[in-house]
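Chemist: Here it is: the structure, laid out below.
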Amino acid sequence: MNIINEAVYPLKALRIAKDLSQKELAEIIGATDISVHNWEHGKHKMSDRNRYKLAKFFEVRPEQIV
């Protein structure tokens, strides 16, 4: 088992690593910056559809994004 493949990534850390604002990330995946803010702060759960879009963009598995 490769520990890197099992890593979990906070959405905010992934976004910052790509040097993106919440608004820029929202535009990339077709969401609102308010949604990105709420996901990052645990105020709302993201839909599976958005989780898959984020996973594809960040090149991780959907279950790795928290």
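The values are calculated or read from the model by the stated rules, or taken from the named source; none is laboratory data. This structure is a prediction, so every number in the text was calculated from the model and none was measured. Quick reminder, even Gly has a Cβ in these numbers, built from the backbone with ideal geometry, and neighbours come from all protein chains shown.
Chemist: When you scan the chain for helices (runs of 4 or more DSSP H) that lie fully inside it, which ones turn up with 2 or more residues that are in contact (Cβ under 8 Å) with a residue 40 or more places away in the chain and under 11 Å from the mean Cα position of the chain (by Cα)?
Modeler: Correct list: 11-17, 48-58.
Chemist: Hey, can you tell me all the residues within region 1-27 that are at pLDDT 95 or above and out of contact with any helix residue (DSSP H, G or I) (no Cβ under 6 Å at 6 or more places or on another chain)?
Modeler: 10, 13, 16, 17, 18, 19, 20, 21, 24, 27
Chemist: Being at positive phi and either acidic (Asp, Glu) or in contact with a strand residue (DSSP E or B) (Cβ under 8 Å, 6 or more places away or on another chain) (or both): is that true of residue 33 here?
Modeler: no
Chemist: Please go through region 21-53 and give me each residue that is of a type in the set (Val, Ile, Thr) and crowded, with 16+ Cβ neighbours inside 10 Å, ordered by number.
Modeler: 29, 36
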